[in-house]
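Structure, as structure tokens:
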Amino acid sequence: MTDSDRTPPAPPRKRIGLYVLVPVLALLSVGGYQHFRTYANAAETQKEQEDFVPQVRTMQARKIDTPVELTLPGQTEAFDVANLYPRATGYVAERRVDIGSHVKAGDLLLRIEAPDLDQQLAQAQAQLGQNQAAVQQAEAQVLSAQANTRLANLTKYRETTLARQGWEPEQTADNATANLSVQAAGIANAVAGVAVAQANLKAQQATVDRLSALTAFELVKAPFGGVITARNVDKGDLLTQDSAGGPPMFSIARDDVLRIAVYVPQSSAVGIRDGIETQVTVPEMPGRIFRGRVARSAVALQAASRSMLTEVDVPNPDGILRPGLFVNVAFSIPRQTPAIVVPDAALVFNASGLQVATVDADSRVRFQKVTIYRDFGTTAELRDGLVGGESLVLSPPADLADGSKVQLASPLPQPNAPRRTASR
């Protein structure tokens, strides 16, 4: 075999090019297809994002004009309180009441035995009788002086007539005239004596009246109906008149009507009016409600606490309530202007300030600036910004822009009117 027979023939050059070209074309086709699919998916995603309409939850802003329900702590106080001190000096002869005794107006509480005062009254009354007799004596002297004057006048007329006729000397007529003048002066003196006697009588009558009033204080009576809250005397104790510096004999408190002192904050003080109905509850009496009315207020607010003292009168005919109790008083205060209440989830705070996102009739979002008047935790009462009835977006997304179109989910119920409870 020759060398030419052993050497294999060379492959054709066209076949080699074909083997290289086919894989290259396949790879290019696959890459182009993948690039086309990526571009198509990106365009589809961009279109979906451009056409995406977010679904949001909404709730309506509520306009309320019902009274503000406000509960505040208070303390019961007796409607009237009196401390009774002695007005007569003497010993306690009888005591009819003790602490806790219920009395009516005019009931006898204590009797004081004051013999010195009784004797002073008896002496003054005897002196009054003497003054009355002195007045009668002075009046009798006036009558006597008037009679003497009439007699002197007749004597003067007679003596003067006889003297003109020559039957009596002129001296006798002059004496009769002078005597008439003296008797007339006697009438004036007697009348003055009556005035002095009557003045002495009035002065003595005033003394008798004063002592009579003091002796009346020997019987200590209840000034009004109520309960005895303090007793500091007992039978046999010596009492001194006008000893107001020491402890009182009795302290009495009227409890058929109680006052409740409540301090109303500034935010509600402007709505407090006499006659507003209240409900009073006592923690130690569950289930019991006592009704009362606002009776009076201090009008001015205290500078330290910015609150106004208000008193509520509560009838207590059965004496169930007692002075000094801690109670809760629920007010229904009329609103000065209607309030707009929104959920706290609708509030948005960003660089533009405090806003809410409202949804108009075209389902587009409009941001509206608002101002909060009072925040109750889950809801807020606005001062301005809304008029009520607007649909508010709850928890709006961060990328939600003004004018964006949204899809509404089922609206949530309106927020309830807030009920405020304050504690001291």
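Values in this text are rule-based calculations from the coordinates and carry no lab data. Note that the structure is a prediction, hence the values are computed from the model and not measured. Counting neighbours? That spans all protein chains shown, and the Cβs are built from the backbone with ideal geometry, glycine included.
Please state the relative contact order of region 254-333 as a whole percent: Cα pairs under 8 Å, 6+ residues apart? Present the calculation step by step, with values, prior to reporting the outcome.
Values: 152 pairs, mean separation 35.6, N = 80.
Relative CO of region 254-333 lands at 44 percent.
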*asked:* How would region 124-208 be classified by its alpha-carbon gyration tensor: rounded, prolate or oblate, with rounded meaning a/c under 1.5 and the a/b versus b/c comparison settling the rest?
replied: prolate
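Restricting to Cα pairs below 8 Å that are 6+ residues apart, what does the relative contact order work out to for region 116-216? Please round to a whole percent. Working shown, then result.
Numbers: 79 pairs, mean separation 49.2, N = 101.
This gives 49 percent for region 116-216.
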_Hits among aspartates and glutamates - C-alpha to C-alpha of Lys104 under 13 Å, sequence gap 8 or more where chains match_ = Asp255, Asp256
*Report the one residue of Gln302, Gly275, Ile260 whose Cα lies farthest in the direction of the positive end of the charge dipole of region 254-333 (charges on C-beta: Lys and Arg +1, Asp and Glu -1; origin at the Cα centre).*
Gln302
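Just to confirm the filter: which trypsin sites (Lys or Arg not before Pro) across region 82-118 are DSSP coil and have at most 14 other Cβ within 10 angstrom of their Cβ? Each step should come with its number before you reach the end.
Details: sites: Arg87, Arg95, Arg96, Lys104, Arg111; in loops: Arg87, Arg96, Lys104.
Hits after loop and neighbour filter: Arg96, Lys104.
Quick check for me: using +1 on Lys/Arg Cβ and -1 on Asp/Glu Cβ, what's the dipole size of region 254-333 about its Cα centre, in debye to the nearest 20?
Working: 9 positive and 8 negative charges, 38 e Å.
Roughly 180 debye, rounded to the nearest 20.
Using the Cα centre as the reference, give the magnitude of the dipole from point charges on the C-beta atoms of region 116-216 (Lys, Arg: +1; Asp, Glu: -1; all else neutral), rounded to the nearest 20 debye. Kindly include the intermediate steps, with their values, before the conclusion.
Numbers: 6 positive and 8 negative charges, 52 e Å.
With Lys and Arg at +1 and Asp and Glu at -1, about 240 debye.
Tally Lys/Arg at +1 and Asp/Glu at -1 over every other residue whose Cβ is under 12 Å from the Cβ of Ile272; what's the total? Show your work: numbers first, answer last.
Details: positive: Arg273, Arg293, Arg296; negative: Asp274, Glu311.
It works out to a net charge of +1.
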_Using +1 at the C-beta of Lys and Arg and -1 at the C-beta of Asp and Glu, which of Gly353, Leu321, Phe367 has the Cα lying farthest in the positive direction of the dipole of region 300-399?_
Gly353
_Fraction of the pair-distance distribution of region 152-288 above 22 Å, Cα-Cα pairs, percent_ = 74 percent
*Determine which residues of region 120-145 fall in the zone a paramagnetic label at Ser212 would reach in this model, i.e. backbone nitrogen under 19 Å from the point 7 Å along Cα→Cβ.*
120-135
_Environment charge of Met59, counting only residues whose C-beta is closer than 12 Å and scoring Lys/Arg +1, Asp/Glu -1_ = 0
